[in-house]
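Notes follow once the structure below has been shown.
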């Protein structure tokens, strides 16, 4: 069994992502990963602020928080992905992902045919 050096294996996962996502360069992979990181970090901050503005606390029912998360926070994350993707030159990558997600939801909700 051949053992890879740590530098070879770290390049391996980047190459796998590049191939899976059909990206042209390692820099695109990095830009996509940074976009995911920025959007995720931003939505955590925004969720805290939004829940505070809405007056949510530990006494707020879990289902109210969950519905709010699905209706407001999840779409915010999608918008942030597009915004950060645009700023980092990866808008088309994220736009294609968004279109797939919308089609998937449409099929699951019975709004579109498979």
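Please find, within region 83-114, the residue that is surrounded by the most Cβ atoms within 10 Å (Cβ to Cβ) out of those that are at pLDDT 95 or above and part of a loop (DSSP other than H, G, I, E, B).
90
Go through region 85-101 residue by residue and tally those that are under 19 Å from residue 24 (Cα atoms) and touching a helix residue (DSSP H, G or I) at 6+ places or on another chain (Cβ under 7 Å).
Within region 85-101, residues that are under 19 Å from residue 24 (Cα atoms) and touching a helix residue (DSSP H, G or I) at 6+ places or on another chain (Cβ under 7 Å) number 8.
So, of the residues in region 57-71 that are more than 15 Å from the chain's Cα centre (by Cα) and assigned to a helix (DSSP H, G or I), which turns out to be surrounded by the most Cβ atoms within 10 Å (Cβ to Cβ)?
Ranking the candidates gives 68 first.
Quick one: which of 80, 54 is surrounded by 11 or more Cβ atoms within 10 Å (Cβ to Cβ) and without any contact (Cβ under 8 Å) to a residue 24 or more places away in the chain?
54
Among the residues in region 31-42, are any outside any helix (DSSP H, G or I), touching a residue at least 60 places away in the same chain (Cβ under 8 Å) and touching a helix residue (DSSP H, G or I) at 6+ places or on another chain (Cβ under 8 Å)?
No, because not a single residue in region 31-42 is outside any helix (DSSP H, G or I), touching a residue at least 60 places away in the same chain (Cβ under 8 Å) and touching a helix residue (DSSP H, G or I) at 6+ places or on another chain (Cβ under 8 Å).
The values are calculated or read from the model by the stated rules, or taken from the named source; none is laboratory data. Since this is a predicted model, take the numbers as computed values, not measurements. Methodologically, a virtual Cβ is constructed for each residue, glycine included, from the backbone with ideal geometry; neighbour enumeration extends over all protein chains shown.
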